[in-house]
1. Can you show me the helix-derived [θ] at 222 nm for the chain, built from DSSP H runs with n ≥ 4 at -39,500 (n - 2.57) apiece and divided by the number of residues, rounded to the nearest 500.
2. Please list, short to long, the whole-number percent of alpha-carbon pairs of the range 27-70 in consecutive 10 angstrom bins beginning at zero.
3. What Kirkwood radius, in Å to one decimal, follows from the Cα pairs of the range 1-48?
4. Please report the Cα spread of the range 6-115 along all three principal axes, rounded to whole Å, starting with the longest.
5. So, with +1 on the Cβ of K and R and -1 on the Cβ of D and E, and no other charges, what is the size of the charge dipole of the range 6-115 about its Cα centre, to the nearest 20 debye?
6. Quick one: angle between helix 86-95 and the longest Cα principal axis of the chain, in degrees between 0 and 90, rounded to 10, please.
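Please treat every number below as a calculation from the coordinates, not as lab data. Just so you know, these numbers come straight off a predicted model, no measurement behind them. So basically every Cβ, Gly included, is an ideal-geometry build from the backbone, and we count neighbours across all protein chains shown.
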Amino acid sequence: MTETLKVTLKKRGGLSVIYTEGYINNQGGEEIAKVAYRVLDGGEKKLLLNLEGTKIVNSIGISILIEIIERILEIEGKLGFCCLTKTIAKTFHIMGLAQYADIYDDEASGVAGMTG
């Protein structure tokens, strides 16, 4: 799969929300990381990744998400994921991402959970 990942950023309730659309592979993961690191370098400590537009994440994409988690843990920040497919949610639990980042069913609960 060579589908390009589209990444957008919006501010919601004092929180940065990163939206993805497409396949999270090595290139897609790097695009997410660029946006995430730019936000974190700007002083933000909380990120919510809305993966509603993503149906597939490969192992390299997951490894890049783990790097983002490590960076957030270093600055004592918080990362959340929302709108995951059942397969991606299960994969994140198996791979241990859910141990370090909260998973929310939808964006509204993610925003509430991360800002409350």
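1. -14500 deg cm²/dmol
2. 25, 60, 15, 0
3. This gives a value of 11.1 Å.
4. Cα extents, longest axis first: 30, 25, 25 Å.
5. Values: 13 positive and 14 negative charges, 37 e Å.
Using only the charged Cβ atoms, the result is roughly 180 debye.
6. Once rounded, the angle reads 80 degrees.
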